[in-house]
Structures are given as structure tokens and as C-alpha cells.
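Input: a single structure, listed below in C-alpha cells.
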Amino acid sequence: MAQKGVQIISVEPGSLAEEAGLRPGDTLLEIHGEAVLDQLSYQYLITREDEADLLLQRPDGSTFEAYVENGGEGIGVDLAQDEVKVCKQNCVFCFVHQMPKGFRKSLYLKDEDVRLSFLYGHFTTLSSSDDAELDRIVRERLSPIHVSVHATDPVARIKVVGNPREGDILRKIDRLLAGGIDVHTQAVVAPGLNDGAIWQQTVDDLWKRRKAGRGSVLSLSCVPVGLTAHREHLPSVQDVGPDFARDWVARWTPEVRKYAKACDGEPWLLLADEWFTRGGIEVPGRAFYSRSWAQLENGVGLVRRFLEHSRRFIKSPRAQGFQGRRVLLLTGPSFAPTLTKVVADLNRAVGSHLRVVAATNFSFGETVTVAGLLCGQDLKYAAHADRDAKGGKADWVDAVVVPSSSLRTVTGPTDQYTLRGAVVREEGTFLDDLTLPQLAAELGVPAVPSGANLSHLLDHLEAADRGAFRGGALTEAFHPAGLNQPQGAYNP
């Protein structure tokens with residue numbers, strides 16, 4: 001956060017900024033005498049009072065002051081993108097370290113940015129956050145923040161994160177809590193590293209920090225470690241197999257309900273869906289999950305939410321829109337059993353002909369079973385194999401559906417973050433840079449994203465009927481829900 005000011009890239013005609021003499025190319029240095037660090041601090045400072053004293057720098061290096069009476073609103077400027085901060089940890093299970101070679105540059109970025117944590121729910125280890133940045137979080141009320149704890153025991157955490165200076169995560173969390181900042185926490189659980197007594201201590205330490213009012217640990221989720229086939233020269237980490245997952249569910253499901261009871265029914269301890277899918281266990285009912293679907297972006301409750309919507313949708317008149325449709329749905333092996341059951345219910349109810357195929361992840365390895373990490377080539381191979389198995393006819397299906405989470409788009413409240421040297425890809429791009437229109441051309445039938453539920457899917461199929469989306473703005477044709485939504489040129 002050592003950046004000195006933010007450059008103005010455009011000024012809205014007739015705006016307060018134009019009236020005050022601000023021009024594109026100027027650098028906004030200070031507001032109210034406080035340094036402008038980035039777009040987020042600009043938003044905080046410019047809206048703090050009804051008027052603002054500005055200090056700016058011209059491209060020639062000269063400085064000047066300006067005064068605006070903005071009523072606590074923006075002044076009509078667009079600012080240059082902020083560069084994403086990177087992680088200083090060396091976690092033994094870091095997914096970036098397990099990436100195969102040859103993917104685009106941004107996929108090898110380990111983001112560690114409290115701004116992304118506040119705005120979009122990205123988890124940060126706080127390894128790049130010194131006391132000055134923690135104070136900034138408090139001052140600008142960046143609450144709630146999302147923190148990867150992994151273990152509260154200092155020795156265990158150092159072993160997990162690989163940074164001897166970052167064992168005492170509770171010191172940083174306590175500083176935020178004391179400043180009134182709420183915190184969502186998570187732990188990626190790896191057998192033999194941070195399970196057992198280490199995990200129990202983590203639960204106990206964070207539960208003590210839950211309270212009513214500001215400055216509370218709002219939730220703690222646990223996610224099973226994810227390992228790819230590309231771990232050459234990396235530390236040995238034991239995977240979470242079906243038996244371990246089933247034992248974990250049996251041990252901690254009662255604890256989830258115990259903590260929820262102590263929180264007036266609102267779950268505090270959260271189990272990611274992968275514990276159930278890896279263990280081959282049906283996910284619990286709606287009451288097991290947060291009323292607000294807390295940590296949904298972390299894979300907590302996605303399956304249950306989909307099942308709840310599907311049950312209602314299949315009974316609705318809208319479901320008849322699937323009647324007679326021949327559609328192939330591609331997904332990851334984790335979600336395939338659930339989706340297969342839902343599709344069977346839909347087919348029986350309306351006379352549709354939807355089929356589900358679990359696509360093997362050849363790009364990252366067969367141990368990676370989640371839909372969001374399927375690459376375009378993986379999906380193309382699965383579709384070709386299905387067509388060959390059905391006799392090789394060009395029109396073997398009306399459309400092929402791919403997981404929305406396997407595609408990237410640029411949506412959200414701002415596109416303000418970038419990675420230096422990254423190239424912005426078009427929307428509708430898979431991790432391996434194959435695009436949705438390219439996949440459709442390869443297969444000879446429309447290819448559409450799944451959306452977040454059956455209603456979205458039907459909308460997408462109807463859009464395909466109209467010939468929607470041949471490239472460009474993905475969200476102009478399809479629902480953004482479920483799509484990968486990074487910001488600016490940061491395209492993981």
C-alpha cells in the first residue's frame with residue numbers, strides 16, 4: 001500500500017471534477033490531507049464528508065489544490081486500475097504451486113489482497129498485511145473481511161503456511177476485532193497437518209472470539225485439501241479420501257448443530273460441500289446452512305441451494321420449457337451424482353431428455369473433481385466421447401451445457417484490479433483459453449453455461465435457440481450467477 005496517489009484516466013464532462021480543473025493524466029494524491037492509496041481509499045475519503053479538499057499532481061510534476069462541494073458523493077472521475085497484491089506465504093497445499101505449465105500468466109498469481117477480501121469474499125492469510133494495513137482496514141471500515149486461518153496453533157500454522165513470521169494469526173485477527181471489524185474465517189484441512197487436536201484448538205480459539213455486535217468472528221468453514229497431479233518437488237501432503245471425508249462428516253456434523261443452537265439457530269461452524277461429495281454422502285437439509293448462505297462462495301451450501309431450487313422449479317409451469325429437449329450436461333465428478341438425480345426427476349416430470357456426463361479433468365489430474373476447474377479441452381473431450389458412444393451423429397444432442405463456474409467473465413461493481421503484464425481475455429473463456437464459441441464450433445451444436453439453477457439453464461437454452469452469444473459480452477446473453485467473476489485483467 002505504498003502507492004502514492006491514483007491517476008485519473010477520465011473526467012466526466014460537466015462534473016464537479018471538471019469544474020475544479022481536474023484533467024485526465026492528473027494524479028490524485030490526497031483528500032482531506034490523507035493519502036489516496038487506491039480506488040477503495042478514494043471511495044472512502046470522497047464520501048466521508050460533504051466537501052473535499054484535494055491535492056493533485058500534473059503530469060509535469062507540479063502540484064495544485066482543488067476544493068469541491070460534493071455532498072458526500074463521487075466527483076466524476078475514473079481512476080486507473082489498482083495492481084493486485086500477491087501472497088508471501090508458501091502454503092504446502094497452495095493450488096498455484098500445483099498448476100501445470102503453459103497456462104496464462106494470471107493463473108500463477110497468488111492474490112493476497114484485503115481489498116478483494118472485502119469486496120468479493122476472497123480469502124486472505126493476512127501475510128501481506130502489516131499493522132499499518134490492519135489499521136487501514138479498521139479506519140475505512142472494510143468489514144467483514146475473509147481470513148484463511150488454517151490453524152491457530154503457531155507451530156502448526158508455520159508448518160502449513162511455510163512462513164516462520166506468520167504463525168501468530170490470532171494477533172492480527174484480535175487487532176481487527178478490537179477495531180470493530182467482523183471476520184469470516186476458513187481452514188483448508190489436510191490430514192496429519194491441521195486436523196485432530198490442531199483443528200479442535202482452531203475451533204475453540206475462534207469460537208471464543210464470536211460475540212454479539214461489532215468485532216466478531218462470524219463464521220468458520222472447513223474445506224478438504226485439494227491436490228492436483230502436478231506436485232513434483234512439493235512437500236508431501238495426504239489427500240482427503242472417501243473414508244476420511246465420511247469420518248469427518250460423522251465427527252463434525254453434530255458440532256455444527258451444537259454451535260448453531262448456541263447462535264439462535266444460525267450456523268457458525270460450516271462444512272464445505274466437498275466433505276459430503278467426497279464421502280458419497282447426501283448433503284444435509286436447509287437448516288444445516290446459514291440463513292444468508294454465508295460462505296457460499298467458499299463451496300458451503302451450493303449443492304443444497306441447487307436442490308432446493310430444483311425441487312420447486314420442477315413443480316412449476318416453467319419446467320415445461322424443457323419438454324422434448326435433448327441436452328447433454330457436462331460437470332465434474334463431484335457434482336455429477338447430484339445433478340443426475342435432479343435431471344432424472346425433471347425428465348420424468350416433463351418428458352425432457354437431459355443427460356449428465358462427468359468430465360474427467362485431464363488438465364489438473366483426475367483427483368480434481370470440481371466443475372469449476374474443468375478446462376475447455378476436458379469438456380470438449382467429454383462431449384466428443386459422448387457423441388461417439390451415441391453413434392457419432394452430428395446432431396446427437398440439441399445443445400451441450402458446461403459449468404458456469406468453468407468460464408470467466410468481467411462483472412461486478414468494479415473492474416478496478418489488474419495484474420501487471422496480464423492480457424485481458426474475452427468473456428466466455430475457459431482456464432485453458434478455449435472460448436465458448438470455439439467449443440460450440442468444435443462440437444457443431446450450441447454450447448451454453450449452466451447458470452446457477454434449472455431456471456437459468458432454461459433461459460440459456462432459449463437464448464441459444466435465438467442464436468445468442470457468438471462472443472463478446474457473455475452477460476448480455478446469459479445470467480452472471482455462477483460465472484467466475486474476477487476483476488479487470490485478473491483472470492484466474
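Every number in this text was worked out from the coordinates using simple rules, so none of it is lab data. In this text, all values refer to a predicted model and were calculated from it rather than measured experimentally. Here Cβ is always computed from backbone atoms with ideal geometry, including for glycine, and neighbour counts include all displayed protein chains.
Could you line up Asp168, Asp38, Asp243 from fewest to most neighbouring Cβ atoms inside 10 Å? Mind dumping the intermediate values first?
On the way: Asp168 13, Asp38 21, Asp243 10.
Placing the least packed residue first, the sequence is Asp243, Asp168, Asp38.
For the stretch 367-373, in order, what is each residue's ³J(HN,Hα) by Karplus, 6.51 cos²θ - 1.76 cosθ + 1.60 with θ = phi - 60°, in whole Hz (x at glycine and Pro)?
6, 8, 10, 7, 5, x, 9
With a length cut of 15 Å (Cα positions projected on each helix's long axis) and a Kyte-Doolittle mean of at least 1.6, go through the chain and give me the DSSP H helices that pass.
On the way: long enough: 196-207 (17 Å, -0.22); 242-262 (30 Å, -0.97); 302-314 (18 Å, -0.28); 336-350 (21 Å, 0.48); 376-389 (20 Å, -1.16); 454-465 (16 Å, 0.09).
Helices passing the filter in the chain: none found.
Given 0.36 nm per residue, what is the gain on full extension from Arg23 to Lys390 after removing their alpha carbon distance, in nm? Before the final figure, lay out each step's value.
Details: separation 367, 0.36 × 367 = 132.12 nm, distance 6.26 nm.
Once the chain is fully extended between Arg23 and Lys390, it gains 125.9 nm.
Can you give the extra length, in nm with one decimal, that the chain gains between Asp239 and Gln320 once fully stretched, where that is 0.36 nm per residue apart less the Cα-Cα distance? Intermediate results must be reported in sequence, preceding the final value.
Working: separation 81, 0.36 × 81 = 29.16 nm, distance 4.29 nm.
This chain segment gains 24.9 nm when fully extended.
Based on alpha-carbon centroids, what's the gap between the stretch 103-178 and the stretch 219-247 in Å, whole number please?
21 Å
Relative contact order for the chain: what percent, with Cα pairs under 8 Å and sequence separation of 6 or more? Don't skip to the end; give the middle numbers.
Numbers: 950 pairs, mean separation 50.5, N = 492.
This gives 10 percent for the chain.
Suppose the chain between Ala441 and Asp135 were pulled fully straight at 0.36 nm per residue; how much longer would it get relative to their current alpha carbon spacing?
104.9 nm
So in the chain, what percent of DSSP beta bridges are antiparallel if you round to the nearest 5? Provide the component values of the computation, followed by the final result.
Values: 21 of 51 bridges.
So the antiparallel bridges amount to about 40 percent of the total.
Given the options Ser352, Pro446, Leu458, identify the residue whose Cα lies farthest towards the positive end of the charge dipole of the stretch 306-476 (+1 on Cβ of Lys, Arg; -1 on Cβ of Asp, Glu).
Projecting each Cα onto the dipole axis, the largest value belongs to Ser352.
Place a +1 charge on the Cβ of each Lys and Arg in the chain and a -1 charge on the Cβ of each Asp and Glu, then give the dipole magnitude about the Cα centre in debye, rounded to the nearest 20. Mind showing how you got there, number by number?
Working: 54 positive and 63 negative charges, 472 e Å.
Using Cβ point charges on Lys, Arg, Asp and Glu, the chain gives about 2260 debye.
May I have the extent of the alpha carbons of the stretch 6-80 along their three principal axes, as whole Å values ordered from largest to smallest?
30, 26, 20
Name every cysteine in the chain that ends up alone, with no second cysteine's Cβ under 4.7 Å, or say none.
Here Cys87, Cys222, Cys263, Cys375 come out as lacking a disulfide-compatible partner, given the Cβ-Cβ threshold of under 4.7 Å.
If you filter the stretch 232-323 for GluC sites (Glu not before Pro), then keep DSSP loop positions with at most 11 other Cβ within 10 Å, what is left?
Numbers: sites: Glu232, Glu255, Glu274, Glu282, Glu297, Glu308; in loops: Glu232, Glu282.
When the GluC sites (Glu not before Pro) of the stretch 232-323 are filtered for loop state and at most 11 Cβ neighbours within 10 Å, Glu232 remain.
Take the Cβ-Cβ distance between Asp60 and Asp168 as r, set R0 to 35 Å, and report the resulting FRET efficiency rounded to the nearest 0.05.
Numbers: r = 47 Å, r/R0 = 1.34.
Efficiency for this residue pair is about 0.15.
Which of the trypsin sites (Lys or Arg not before Pro) across the stretch 206-285 are loop residues per DSSP, with 13 or fewer other Cβ within 10 Å?
Working: sites: Lys208, Arg209, Arg210, Lys211, Arg214, Arg231, Arg246, Arg251, Arg257, Lys258, Lys261, Arg278; in loops: Lys208, Arg209, Arg210, Lys211, Arg214, Arg231.
Listed in order of number, the matching sites are Lys208, Lys211, Arg214.
Dipole magnitude of the stretch 96-300 about its Cα centre, charges +1 at Lys/Arg Cβ and -1 at Asp/Glu Cβ only, in debye to the nearest 20?
Working: 28 positive and 27 negative charges, 59 e Å.
Charge dipole of the stretch 96-300: 280 debye, to the nearest 20.
DSSP loop (so not H, G, I, E, B), at most 10 other Cβ within 10 Å: list which trypsin sites (Lys or Arg not before Pro) in the stretch 126-181 pass both filters.
Loop-located and lightly packed - Arg165.
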